[in-house]
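Inspection log for the structure reproduced underneath, given as structure tokens.
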Amino acid sequence: MGEYFGEVLQRALNRRDLFKTMGLLGAGVLVSSSCGGSGSSGSSVISPSSSSLSFKTIYPNTEDRITVPDGFEWDIIVKWGDALDNGENLNWNRVYEGCTQADVDRQKYCFGYNNDFVGYFKASDGAEILAVNNEYFNPELAFKDFLDLTTLKPKTGRPTKEESMLMLEAHGVSIVEIKKDKDGKYTYVKGSKYNRRITGSTPINISGPAKGHKLLKTSKDPNGELVYGTLNNCSAGKTPWGTLLSCEENFNSYFGGDLTKINDKDIQNLHKRYGIPSSYSAWYGFHLYDDRFNIEKEPNEPFRFGWVVEIDPLNPNRPPVKRTALGRIKHEAATCVVSKSGKVVVYMGDDERFQYIYKFVTKGKYDPNNREANFGLLDEGTLYTAKFNDDFTGEWIMLASVEAGKITVNSNLPDIYKNDPVLVFIDTRGAASALGATQMDRPEDFEWNPITKSAWAVMTYNDKRPSPNAPNPRYPNNFGHIIEIKEEGEDPESTKFKWDIPILCGISGSPDTNSQLVLYKKPASNDTPSISAPDNIAIDKLGNVWIATDGNPGKSRLQKNDGVYVLNPFNKELKMFLSGIPGCEICGPEFTNDYKYFFCAIQHPGEDPEDTGRILSQWPYLNDGVKIPRPSVLFVRRKDGKDIYA
């Protein structure tokens, strides 16, 4: 597959060599207000990092332990099953041996499973808070003898009702207060007034254009205004007013039943576009014990998932809200930045092969002096999807806008969307496809870099790509890449942009250009750590890009543990900062506001990427008599107390 440089990219470079100018700014760049994974905001002038990253890189490995560079230390803050109230922790061993209703009841008040996004918030009283997504559940790791090792499917009668309902309650979001102990190490505050769970059964309001639409009405909610639960919460974002935008990604995984038994062909086709029903439904069993997950009985229930959910970590009494103006896709990110005019722009990816990227621009403006005035800001505005051109330019195509309850759709959309404009928000994929948006290689996280004043979009990989397009030039794309988007006038509101590929992930020193690690159009030196499957990113205050990976262990990739890498976009330097546990994914890169601490999540430690039923690790090995692996949230800090990136 040596056609990468010789075909798509070279054709574009012959017209316009934008790689020489993009992603490189001089000193003294004004930082705009943003709310990406780094949590940076304000209006101070900061010089970009022109010096090398000071820590000595580590390299990908297969060790059953967390590895960080010399001079750093890490520890666990909170893990699956830790009690957030003043009650007992989840009885992990009983869950493993034979889950009971008592365990289901406890899970509602204990830290959730498979932490993904990690967001750091600070309350007005000084309390430090983490809001953590709990994406999905691994029954093969948590429940004894769950799989038939011949078929690699759940055994007959599994999951039990109790196992299924515990999994439902382990999904969602965990909000937990944290504090430093006398040694400066973070622990969580048991029983804090801020602690709470939003699970697969929590009542959640619906707002925006899809509220009350016929496709969101069910027997349990005939008005289409209230959903029970949020599921498959993957990455997220933080608003300037201090709320979490939690993203529902692979929501199709939980719906079972026979699609052909739905009489409405339009509903059938909509479900097919989003992969409903899913074979994974057998692993969760929700449809066996709760009719709302059985599409034969409740064909509209899937339309109530796939949204961005706004949650207020600072006010436990404020109910969560699904903001439907942001569209219904398999959301991976919802990263906010305040535009020059004061509007809020939300960047989003749809995490599936050949799907699209989006942004939403609010009609109203952010009010930094009145927090309450910003609630509802995400219910009105314009939703766009991206089209990339071969000459390293692109445009944001308007899908639809909503204002005062009136929806205006793109005039080039088919009649089905013109006749029912709300469908643009419910079937966002279909609308983007109809307008010629560019198919991408699993667009995942999307972060605004306040130093380069550009948006960074992560394409994790697409091993099924049969032919290239300009922004996805490798085929198959086994290693993934990152795209930098420079909005016209450095304004996130703009509808035109230029783009660049600062990193094509791969193997250092590989002679095969389709698997070679390329930094800013040049093959990386042999001492640069290999990287594959970039997933979540965060930006520090110097503009360095912190990259967490999901898929390094795959056969077509590195076959090493996933980790965290740091890209200095000014020196074009890449180092590896953390290596995880066999089978795990690294999620939620995040910092404290002073950049003294780095947070990340260890998701599904011990999961076998080859699906053989093996448990690859029992991490975290706490000598507490628990034999099953437990997803956890970590902090990392420098031993000398300096900034994490120093």
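The values are calculated or read from the model by the stated rules, or taken from the named source; none is laboratory data. Bear in mind the structure is a predicted one, so any value in this text is a computation, not a measurement. Glycine gets a Cβ as well: all are built from the backbone with ideal geometry, and neighbour counts include every protein chain shown. Just the protein is used for accessible areas: all its heavy atoms, side chains included, with ligands, DNA and RNA removed. Shrake-Rupley method; radii C 1.70, N 1.55, O 1.52, S 1.80 Å.
Residue by residue, segment 473-483 carries 3J(HN,Hα) couplings of x, 9, 8, x, 9, 7, 10, x, 7, 10, 10 Hz when phi is fed to the Karplus relation 6.51 cos²θ - 1.76 cosθ + 1.60 (θ = phi - 60°); x denotes Gly or Pro. With θ taken as phi - 60° and the Karplus curve 6.51 cos²θ - 1.76 cosθ + 1.60 applied, the whole-hertz 3J(HN,Hα) list for segment 308-314 is 8, 10, 8, 10, 9, x, 8 Hz, x standing for glycine and proline. In the structure shown, the pairs Lys272/Lys330; Lys161/Lys627; Lys498/Lys541 are assessed against 18 Å; a Cα-Cα span above that value is assigned to Lys161/Lys627; Lys498/Lys541. Database remark: amide H of Ile178 closer than 5 angstrom to the amide H of Glu128, Ile129, Leu130, Val189 (H placed geometrically; neighbours at sequence offset of 5 or more, or on other chains; Pro and chain starts carry no H).
Surface composition of the chain: carbon plus sulfur atoms hold 46% of the accessible area, using a 1.4 angstrom probe and ignoring ligands, DNA and RNA.
Rolling a 1.4 Å probe over the heavy atoms of the protein chains gives the chain an accessible area of 34 Å² per residue.
Hull volume per residue, based on the alpha-carbon atoms of segment 110-187 and their convex hull, is 120 Å³. Classified by the C-alpha gyration tensor, segment 146-294 has an oblate form. Its axis ratio a/c, with a ≥ b ≥ c, is 1.5 or above, and a/b does not exceed b/c. Each label was represented as a point 7 Å from its Cα along the Cα-to-Cβ direction; for Thr100 and Glu403 these points are 6.0 nm apart.
Please give the contour-minus-distance gain from Thr187 to Asp624: 0.36 nm per residue of separation, less the Cα-Cα distance, rounded to one decimal in nm. Please report the intermediate quantities before stating the final value.
Numbers: separation 437, 0.36 × 437 = 157.32 nm, distance 1.75 nm.
So the extension gain works out to 155.6 nm.
With the simple spin-label model, which puts each label point 7 Å out from Cα in the Cβ direction, the Lys161 to Glu488 separation comes to 6.0 nm.
Looking at this model, which pairs from Lys322/Lys363; Lys238/Lys464; Lys261/Lys464 are more than 27 angstrom apart at the alpha-carbon? Before the final figure, lay out the partial values.
Values: Lys322/Lys363 18 Å; Lys238/Lys464 33 Å; Lys261/Lys464 31 Å.
Result: Lys238/Lys464; Lys261/Lys464 exceed 27 Å.
Take the alpha carbon gyration tensor of the chain, find the square roots of its eigenvalues, order them as a ≥ b ≥ c, and report rounded if a/c is under 1.5; if not, report prolate when a/b exceeds b/c, else oblate. Verdict is rounded for the chain.
The residues neighbouring Leu383, those whose beta-carbon lies less than 14 Å from its own, together hold a net charge of 0 under the Lys/Arg +1, Asp/Glu -1 convention.
One decimal place: the segment Glu73-Lys272 gains 67.0 nm when fully extended, by the rule 0.36 nm per residue minus the C-alpha distance. Under 5 Å between amide hydrogens, built in the peptide plane, is the criterion, and for Ala236 it picks out Ala334 among residues at least 5 positions away or on other chains.
Amide H contacts of Asp116: Asn133, Asn134, Glu135, each under 5 Å away and 5 or more positions distant or on a separate chain (H built 1.01 Å from N in the peptide plane; Pro and chain starts excluded).
Relative to 2.2 N^0.38 Å, what does the C-alpha radius of gyration of segment 229-361 come to as a ratio? Two decimals please. Walk me through the numbers before you get to the answer.
Numbers: Rg = 16.1 Å, N = 133, 2.2 N^0.38 = 14.1 Å.
Compactness ratio reported: 1.14.
Across segment 379-384, rounded Karplus estimates of 3J(HN,Hα) from the backbone phi angles (6.51 cos²θ - 1.76 cosθ + 1.60, θ = phi - 60°) give 8, 10, x, 10, 9, 10 Hz, Gly and Pro being marked x.
When only the heavy atoms of the protein chains count and the probe is 1.4 Å, how do Arg65, Arg557, Arg353 rank by accessible area, highest first?
Working: Arg65 115, Arg557 30, Arg353 70 Å².
Largest to smallest exposure gives the sequence Arg65, Arg353, Arg557.
Expressed as a fraction of 2.2 N^0.38 Å, the C-alpha radius of gyration for segment 320-443 is 1.05. Note on Lys185: lysines with a C-alpha under 19 Å away, same-chain residues under 8 apart excluded, are Lys79, Lys122, Lys596, Lys639, Lys642. When only the Cβ of Lys, Arg, Asp and Glu is charged (+1, +1, -1, -1), the dipole of segment 379-476 relative to its Cα centre reaches about 260 debye. Note on Lys340 and Asp125: their simple-model spin labels are 4.3 nm apart, each label 7 Å out from Cα toward Cβ. Here the peptides 477-487, 70-80 are ranked by packing, the mean other Cβ count within 10 Å, and the order with the highest first is 477-487, 70-80.
Need one number: the % of Cα-Cα pairs in segment 377-447 sitting beyond the 19 Å mark. Write out the running numbers ahead of the final one.
Details: 918 of 2485 pairs.
The answer is 37 percent, as a whole percent.
To the nearest 0.05, how large is the calculated FRET efficiency for Lys642 and Glu63 if R₀ is 45 Å and r is the Cβ-Cβ distance?
Values: r = 27 Å, r/R0 = 0.59.
According to the calculation, E is roughly 0.95.
With an a/c value of 1.5 or above and a/b larger than b/c for the gyration tensor axes a ≥ b ≥ c computed over the alpha-carbon atoms, segment 407-461 is described as prolate.
In plain terms, the chain from Thr612 to Asn317 could stretch by 101.8 nm, reckoned as 0.36 nm per residue minus the Cα-Cα distance.
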